[in-house]
Amino acid sequence: MENKKPIVKEYTNGEVTVVWQPHMCTHSKKCWKELLPVFDPRRKPWVDMDAANSDRIAAQVHRCPSKALSIKA
Ligand code: SF4
């Protein structure tokens with residue numbers, strides 16, 4: 001079988017860029033339970049970079065236990 005590249009998505013507000021690697025998510029629900037306006041799994045796209053300021057988004061991303069969410073360096 002062919003090796004498929006995992007999906008990697010990026011969301012930016014021009015100041016910070018959130019990287020989303022769904023294959024790494026362990027469904028801790030931390031992101032959307034703690035910051036639903038930004039991380040809403042019922043919405044498409046599910047990340048709204050305009051729903052909080054950059055510091056708040058980055059703080060939430062750093063709480064993702066699986067590193068499925070990260071900040072682009
Ligand atoms: S915080 Fe991270 S591991 Fe938890 S649901 Fe969100 S992306 Fe997945």
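Read-outs: derived from the displayed coordinates by stated rules, not from any lab. These numbers come from a predicted model, not from an experiment. Note that each Cβ is placed from the backbone with ideal geometry, even for glycine, and that neighbours are counted across all protein chains shown.
Structure data summary
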read-out: Stokes-Einstein D in µm²/s, Kirkwood radius over Cα pairs - the chain at 10 °C with 1.306 mPa s viscosity; value: 127
read-out: Estimated 222 nm signal from helices in the chain, with DSSP H stretches of n ≥ 4 weighted -39500 (n - 2.57), rounded to 500; value: -5000 deg cm²/dmol
read-out: In the chain, lysine pairs closer than 16 Å at Cα, eight or more apart or cross-chain; value: 5
read-out: Value of relative contact order over the range 9-71, rounded to a whole percent, pairs C-alpha under 8 Å and six or more apart; value: 42
read-out: Check: the range 9-71 dipole with +1 on Lys, Arg Cβ and -1 on Asp, Glu Cβ, in debye; value: 360
read-out: Sparse-neighbour loop sites [GluC sites (Glu not before Pro); the range 1-37; at most 11 other C-beta within 10 Å; DSSP]; value: 2, 15
read-out: Extension gain from residue 72 to residue 23, taking 0.36 nm per residue of separation minus the Cα-Cα distance; value: 15.9 nm
read-out: Within the range 37-53, backbone nitrogen closer than 16 Å to the virtual label 7 Å beyond the Cα of residue 13 toward Cβ; value: 37-40, 46-53
read-out: Loop sites in the chain: trypsin sites (Lys or Arg not before Pro), DSSP, at most 15 other Cβ within 10 Å; value: 4, 29, 42, 43, 63, 67, 72
